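S.K.: Below is the structure I would like to discuss, written out as structure tokens.
Read-outs throughout are calculated quantities, based only on the coordinates presented, and are distinct from any laboratory measurement. The structure presented is a predicted model; accordingly, all values stated were derived computationally and were not measured. Cβ sites come from the backbone with ideal geometry, for glycine too, and all protein chains shown count toward neighbours.
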């Protein structure tokens, strides 16, 4: 039962972590690209369609996480589960060697 619960947590938390990381990367690319004004306003208008799409995606995920916490809180759980999985993987690898 415990394994099933942690498997279900992984199925929820890892995709949330991936979405948050993708939104962060999208905002980072737009920020480094320099084709958009600063993110001081709610709406951002960029020079190219690709930059606009990246900015819209990143800002929508950031605002959704700030207002509801939906992708943010499970992403924290995904980071915690990833640390536990990496520790267990490292421990099993050192025992096998």
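S.K.: How large is the helix-only mean residue ellipticity at 222 nm for the chain, computed as the sum of -39500 (n - 2.57) over DSSP H runs with n ≥ 4, divided by its residue count, in deg cm²/dmol to the nearest 500? Before the final figure, lay out each step's value.
M.R.: Values: 3 runs with 76 residues, N = 97.
Taking each H run of at least 4 residues, the total per residue is -28000 deg cm²/dmol.
S.K.: Please give the helix 72-96 orientation as an angle from the longest Cα principal axis of the chain, in degrees from 0 to 90, rounded to the nearest 10.
M.R.: Result, in degrees: 40.
S.K.: Let me ask something additional. Using 0.36 nm per residue of separation minus the Cα-Cα distance, give me the extension gain between residue 66 and residue 2 in nm, one decimal. Working shown, then result.
M.R.: Numbers: separation 64, 0.36 × 64 = 23.04 nm, distance 3.10 nm.
Taking 0.36 nm per residue and subtracting the Cα distance, the gain is 19.9 nm.
S.K.: Where does each of 76-87, 10-21 land if you order them by average Cβ count within 10 Å, highest first?
M.R.: On the way: 76-87: 14.1, 10-21: 16.6.
In descending order of packing, they fall as 10-21, 76-87.
S.K.: Tell me the relative contact order for segment 11-96 as a rounded percent, counting alpha carbon contacts under 8 Å between residues six or more apart. It would help to have the intermediate numbers written out before the result.
M.R.: Numbers: 76 pairs, mean separation 33.8, N = 86.
Relative CO of segment 11-96 lands at 39 percent.
S.K.: Residue 93 versus residue 25, label points 7 Å from Cα toward the beta carbon: distance in nm?
M.R.: 2.1
S.K.: So, R0 is 35 Å and r is the distance between the beta-carbons of residue 10 and residue 50; what FRET efficiency does that work out to, to 0.05?
M.R.: Working: r = 32 Å, r/R0 = 0.93.
That gives a FRET efficiency of 0.60.
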